[in-house]
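The values are calculated or read from the model by the stated rules, or taken from the named source; none is laboratory data. Because the structure is a prediction, the values reported are computed rather than measured. Every residue, glycine among them, receives a Cβ derived from its backbone with ideal geometry; neighbour counts consider all protein chains shown. In case anyone asks, the SASA skips ligands and DNA or RNA and just uses the protein heavy atoms, side chains included. Shrake-Rupley method; radii C 1.70, N 1.55, O 1.52, S 1.80 Å.
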Amino acid sequence: MIGVPIDSIGQVGGTELTPGVMRRSGLARAIGARDGGDLDVRITGTDRDPTTGIVGYPSVVAVTEGIREGVRASLERGELPVLVGGCCTLLPGVFTAFSELGRRTAVAYLDGHYDLYTGVTSPTGEAADMPLALLLGDGPAALIGDAPLVDPADVAVLGARDRDEAVGLGSPMPEDVGIAIDRDPSHVSSAGAAAVADEVLAALEPPIWVHLDVDVLTTEEFPATPYLQPGGLTIDQVVDLARPIVRSGRCAGVDVTCYDPDMDDDGSSADRLVDLLARIFSE
């Protein structure tokens, strides 16, 4: 378990508090992980970079490098990294580590948003708006190198529900960038989460990184996230999607992001998240 205390808004608090809260809530023990502590990373600054359009851009570059080093070290020790964010900005660092090791890696992208914005199209400039675009090669070389980190054929988008807003702001959709698997909450509900998990395992050939942004969940089941929107998946559906992948023997690692302890005064969302992850990792 590796803590990544970052928040893409570049201010103190918010999701950068998550690793400490989750540690105190007993996450490492609940999922049977060694606690590797927190990486020395933080996003700072609230101004958009005039060239890239990314908020706090110099610190985002430094964060990406720190995550790359931390994840690479974990992989070289033969571990299964479980990154506790923080925000989705952590993903380019993860995949640059795999790229440096020559490991082709797929991603099951459980997120309430498509995250295909760029520094130009993002309404906020926060790097957390654009991780999937960055993985596919649309972004500054300082963050992702000179080639895509992930092939579109190796991506499954699961639970995103901001299509109308994203299209209206000029973001491409999965079908525009070559991603074939895009299953929104209504599809997951009608087909069954376990069946969708089977589809993902059949379609994605390389080892699969599981990205879990808690805003994929319904507001009723998980209100402690900054990016609330109607609809979403239930906790049971997320478990049924993620657990078969994690327990398949083909999981490359996991990250969990966008829980905001500042929105969780009684700690109930933290407890709910620990239980969700324990179920995903259970035998």
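Tabulated results
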item: Residues satisfying the stated conditions in the range 92-127, i.e. part of a helix (DSSP H, G or I) and either in contact with a Gly (Cβ under 6 Å, 6 or more places away or on another chain) or open to solvent by 10 Å² or more (accessible area, probe 1.4 Å) (or both); result: Thr96, Ser99, Glu100
item: Any hit, the range 11-21, residues being open to solvent by 10 Å² or more (accessible area, probe 1.4 Å), more than 26 Å from Met263 (Cα to Cα) and either touching a residue at least 24 places away in the same chain (Cβ under 8 Å) or of a type in the set (A, V, I, L, M) (or both); result: no
item: Residue that is nearest to Gly249 (Cα to Cα) [pool: residues in the range 196-206 that are among the aliphatic types (A, V, I, L, M) and in a helix (DSSP H, G or I)]; result: Leu201
item: Qualifying residue in the range 218-230 (condition: on the phi < 0 side of the Ramachandran plot, touching a Cys at 6+ places or on another chain (Cβ under 8 Å), of a type outside the set (S, T, N, Q) and open to solvent by 10 Å² or more (accessible area, probe 1.4 Å)); result: yes
item: Checklist (1) in contact (Cβ under 8 Å) with a residue 24 or more places away in the chain; (2) open to solvent by 10 Å² or more (accessible area, probe 1.4 Å); (3) touching a Gly at 6+ places or on another chain (Cβ under 6 Å) applied to Pro148, failing item; result: (1)
item: Residue within the range 70-85 that is over 21 Å from Gly159 (Cα atoms) and surrounded by 24 or more Cβ atoms within 10 Å (Cβ to Cβ) present; result: yes
item: Residues satisfying the stated conditions in the range 129-162, i.e. within 24 Å of Thr218 (Cβ to Cβ) and not β-branched (Val, Ile, Thr); result: Asp129, Pro131, Leu132, Ala156, Leu158, Gly159, Ala160, Arg161, Asp162
item: Close pairs (8 angstrom Cβ cut-off, 6 or more residues apart or separate chains): at positive phi in the range 175-189, part of a helix (DSSP H, G or I) anywhere; result: Gly178/Pro152; Gly178/Ala153
item: Filter result for Asp35 (within 16 Å of Pro140 (Cα to Cα) and surrounded by fewer than 20 Cβ atoms within 10 Å (Cβ to Cβ)); result: no
item: Selection within the range 248-267 - out of contact with any strand residue (DSSP E or B) (no Cβ under 9 Å at 6 or more places or on another chain) and either acidic (Asp, Glu) or touching a residue at least 12 places away in the same chain (Cβ under 8 Å) (or both); result: Asp260, Pro261, Asp262, Met263, Asp264, Asp265, Asp266, Gly267
item: Answer residue from the range 174-195, given it is assigned to a helix (DSSP H, G or I) and within 18 Å of Asp151 (Cα to Cα) and is least open to solvent (accessible area, probe 1.4 Å) among those; result: Pro174
item: Residue within the range 203-213 that is in contact with a Ser or Thr (Cβ under 9 Å, 6 or more places away or on another chain) and surrounded by fewer than 21 Cβ atoms within 10 Å (Cβ to Cβ) present; result: yes
item: Unique residue being modelled with pLDDT of 95 or more, under 16 Å from the mean Cα position of the chain (by Cα) and outside any helix (DSSP H, G or I) when the list is Ile67, Ile6; result: Ile6
item: Any hit, the range 211-223, residues being polar (S, T, N, Q) and farther than 23 Å from Leu273 by Cβ; result: no
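Each row is one residue, and each column tells you yes or no for (1) farther than 22 Å from Asp138 by Cα; (2) modelled with pLDDT of 95 or more; (3) part of a loop (DSSP other than H, G, I, E, B); (4) touching an Asp or Glu at 6+ places or on another chain (Cβ under 8 Å).
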| position | (1), (2), (3), (4) |
| --- | --- |
| Gln11 | yes, no, yes, no |
| Asp40 | yes, yes, yes, no |
| Pro50 | no, yes, yes, no |
| Leu80 | yes, yes, yes, no |
